[in-house]
Amino acid sequence: MKTTDVLIIGSGIAGATAALKLAQDNPARHIILINRASEAEESNSRWAQGGIIHRGADDSAELLEKDILAAGAGASLPAAARLLAEEGPHRLEEILFAAVPIGFERDARGELAYSQEAAHSRRRILYVGDGTGAAIMQGLIAAVRRLPNIEILTDATAVDLITFPHHARDPLATYAPVACYGAYVFDRKGKAIHRTLARKTILATGGLGRLYRNTTNPPGSRGDGLAMAHRAGAKIINAEYVQFHPTALAAPGAEGFLISEAVRGEGGILLTPEGQPFMQKYDPQWRDLAPRDVVARAIHTEMETRGYSYVLLDLASHMAAEAIRARFPNIYAECLRVGVDISREPIPVVPAAHYFCGGAQVDLNGRTNIANLYAVGEVSCTGLHGANRLASTSLLEGLVWGGRAAEDILVSEPGRLPTREEIPAWDESGLTQESDPALIAGDMQTIQNIMWHYVGLVRNGERLSRAIRELRHLQNEIEMFYRATKLSDGLIGLRNAVEVALLIAEAARHNRQSRGCHFREDAVSGGDRLL
């Protein structure tokens with residue numbers, strides 16, 4: 001058993017920022033930072049290519065707020081958009097300029113270089129080649145490692161949040177409000193489950209793209225944090241809004257590799273396999289720089305109606321070969337590895353599940369409706385993204401809300417720490433069945449296919465109802481398997497995945513109005529969200 005002042009589950013930009021802020025501002029406070037992967041740097045944040053929003057010379061908080069609200073299709077919380085627009089650039093400078101200097105690209109004069117992405121009215125995106133997330137996470141985790149009051153645990157998968165009254169031995173706890181006191185954590189190497197007790201807990205587990213057959217997300221993005229929050233009683237909102245990135249590489253051996261939106265920001269044009277541009281048909285004003293949901297559905301429509309297995313993204317006709325290799329070194333190298341030279345030819349691309357705009361509802365300081373439990377980053381729903389995330393807001397959101405959650409914890413009462421006697425140890429006695437990787441992989445593939453075909457880019461009531469029926473049956477089977485089987489990381493993820501898939505499908509069926517990245521071809525008029 002471990003005890004700590006603050007347990008942070010997930011070490012992406014939001015979790016690492018919170019840990020850094022907590023440890024620097026109060027050296028006496030002990031923090032445990034866990035990651036299910038073997039490397040603390042591994043997270044969704046690490047794979048972010050495009051960049052992070054700052055503020056250019058001709059930009060303002062008002063312009064950014066306007067762009068966020070427009071991209072969010074009327075569902076973004078204005079207070080959250082205003083907060084990010086006003087506070088974001090200062091938070092970025094405090095953390096990624098001063099505390100953890102990141103080598104953002106600069107122009108010939110030594111000034112910060114800004115790129116532009118879809119639905120942004122200004123060039124305001126800072127970047128490090130096409131590996132911005134990797135550069136930021138390398139710097140952040142290095143800074144975290146230097147602080148002696150942060151304990152980093154890798155190969156550690158959170159199983160469930162420890163909450164009172166659910167896990168309390170005292171029957172009178174039933175009458176108290178729900179409160180979180182840490183989590184049960186599975187040690188993947190030792191294959192044991194430990195109680196990690198904490199005064200405060202921060203969920204920073206990232207997204208859920210791995211619920212879909214095609215995704216740009218890494219293997220850990222299976223909705224673990226969302227499922228744990230849901231089981232604990234956290235309020236989950238906007239679950240129907242799953243954003244699909246328009247351009248993932250469609251080449252054998254590299255499926256799901258993200259082709260950054262910055263490629264279109266630098267002049268890339270989408271073409272049919274015959275070489276004809278088509279975005280002017282779907283958005284005459286923004287064309288290839290239309291919001292992601294518009295571009296993704298346009299590509300999907302072209303593929304469905306014309307029988308294409310992919311479309312093309314052409315940058316070579318608009319940018320010099322040397323400039324392409326310098327601006328997008330990682331994309332160039334990965335495409336070249338599978339036989340596509342992006343400096344000379346178009347890139348075959350398809351849409352892929354990319355970002356979850358919903359999550360555990362939090363306030364402007366990252367607090368959930370459960371006492372002592374915070375959620376930051378993609379697992380949370382601040383209201384910022386509404387029905388469709390504006391490009392490159394996610395890294396900045398992680399900085400802002402990771403920092404604000406830490407600051408809220410620093411000024412709040414520390415809270416009590418339960419004793420070993422108050423919380424039962426995890427009991428696996430009597431379980432003889434071992435996790436079967438083949439069964440787990442098969443069930444996960446079933447979930448991914450259901451979600452892709454029935455809860456994907458284009459939805460309708462019939463598809464969603466079928467998805468819910470099949471997922472409920474599968475959930476029953478998985479729960480019986482889970483109750484009879486010794487834990488493994490794969491089994492934990494499978495149980496979480498089917499629970500979160502149902503949350504998304506049910507929210508999508510409930511909301512009959514098309515908005516943003518939730519597109520119903522049988523949409524009703526007005527604001528009707530009911531069946």
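Every number in this text was worked out from the coordinates using simple rules, so none of it is lab data. Worth saying up front: this structure is predicted, and the values here are computed from it rather than measured. Using ideal geometry, Cβ is built from the backbone for each residue, glycine included, and neighbour counts are taken over all protein chains shown.
For region 219-292, the set of GluC sites (Glu not before Pro) satisfying both a DSSP loop assignment and a count of at most 11 other C-beta atoms within 10 Å is given as GLU274. Its Cα gyration tensor gives region 246-353 an equivalent ellipsoid; the semi-axes, largest first and in whole Å, are 21, 16, 12. For region 291-425, a crude dipole built from +1 on the beta carbon of Lys and Arg and -1 on the beta carbon of Asp and Glu, taken about the Cα centre, is about 200 debye to the nearest 20. What the phi angles of region 228-242 give under the Karplus curve with 6.51, -1.76 and 1.60, with θ = phi - 60°, is a coupling list of 4, 4, 5, 5, 7, x, 5, 7, 10, 10, 6, 5, 6, 8, 9 Hz, glycine and proline written as x. Spacing of the modelled spin labels on ASP58 and GLU521, each 7 Å from Cα toward Cβ, amounts to 4.1 nm.
Give the calculated FRET efficiency between THR272 and SER38 to the nearest 0.05, with a Förster radius of 56 Å applied to their Cβ-Cβ distance. Taking R0 as 56 Å, the efficiency between THR272 and SER38 is 0.85.
Extension gain, ASP363 to ASN449: 0.36 nm times the residue separation minus the Cα-Cα distance gives 27.5 nm. Histogrammed with a bin width of 5 Å, the alpha carbon distances of region 437-510 distribute as 3, 17, 30, 23, 14, 8, 4, 1 percent, first bin at zero. Stretched out straight at 0.36 nm per residue, the stretch from ALA108 to ALA441 would grow longer than its current Cα-Cα span by 114.9 nm.
When only DSSP loop residues count, what GluC sites (Glu not before Pro) in region 440-531 have their Cβ near at most 12 other Cβ atoms within 10 Å? In loop regions of region 440-531 (DSSP not H, G, I, E or B), the sparsely surrounded GluC sites (Glu not before Pro) are GLU521. Under 13 Å from the Cβ of ARG122, count the other residues' Cβ atoms, weight Lys and Arg +1, Asp and Glu -1, and hand me the total. Computed value for this residue: -2.
With N the number of residues in region 168-223, Rg(Cα) / (2.2 N^0.38 Å) evaluates to 1.59. Please state the shape class of region 69-173: rounded when a/c is under 1.5, otherwise prolate if a/b exceeds b/c and oblate if not, all from the C-alpha gyration tensor. In terms of gyration-tensor shape, oblate. Taking the helices alone, the chain has a mean residue ellipticity at 222 nm of -11000 deg cm²/dmol, built from -39,500 (n - 2.57) per DSSP H run of at least 4 residues and averaged over all its residues. Remark: spin-label model distance GLU345-ARG146 equals 4.6 nm, labels positioned 7 Å along the Cα→Cβ axis.
Here the Kirkwood formula, the inverse mean of 1/r across different C-alpha pairs, assigns the chain a hydrodynamic radius of 23.4 Å. Straight-line cross-link partners of LYS191 among the lysines, defined as a Cα under 19 Å from its Cα and at least 8 positions apart when in the same chain: LYS2, LYS486.
Taking 11 Å as the cut-off, the amide N atoms of region 34-51 that come nearer than this to a point 7 Å along the Cα-to-beta-carbon line of LYS189 belong to 38-39. For GLU462 and VAL338, the FRET efficiency from 1/(1 + (r/R0)^6), where r spans their Cβ atoms and R0 equals 35 Å, is about 0.40. Taking a ≥ b ≥ c as the square roots of the Cα gyration tensor eigenvalues, region 323-449 comes out oblate, since a/c reaches at least 1.5 and a/b does not exceed b/c. Under the convention that each Lys and Arg Cβ holds +1 and each Asp and Glu Cβ holds -1, the size of the dipole of the chain around its Cα centre is about 560 debye. Local charge for GLN448 was computed over the other residues whose Cβ lies under 9 Å away, with Lys and Arg +1 and Asp and Glu -1, and equals +2.
In plain terms, the residue of GLU117, GLU434, GLU302, GLU413 with the fewest other Cβ atoms within 10 Å comes first and the most crowded comes last, giving GLU413, GLU434, GLU302, GLU117.
With a simple spin-label model that places each label point 7 Å from the Cα along the Cα-to-Cβ direction, the separation between LYS235 and ALA176 comes to 2.3 nm.
In a simple Cβ point-charge model (Lys, Arg +1; Asp, Glu -1; nothing else charged), region 195-278 has a dipole of about 780 debye relative to its Cα centre. Shape class for region 408-531: oblate, because the ratio a/c of the largest to smallest gyration tensor axis (alpha-carbon atoms, square roots of eigenvalues) is 1.5 or more and b/c is at least a/b.
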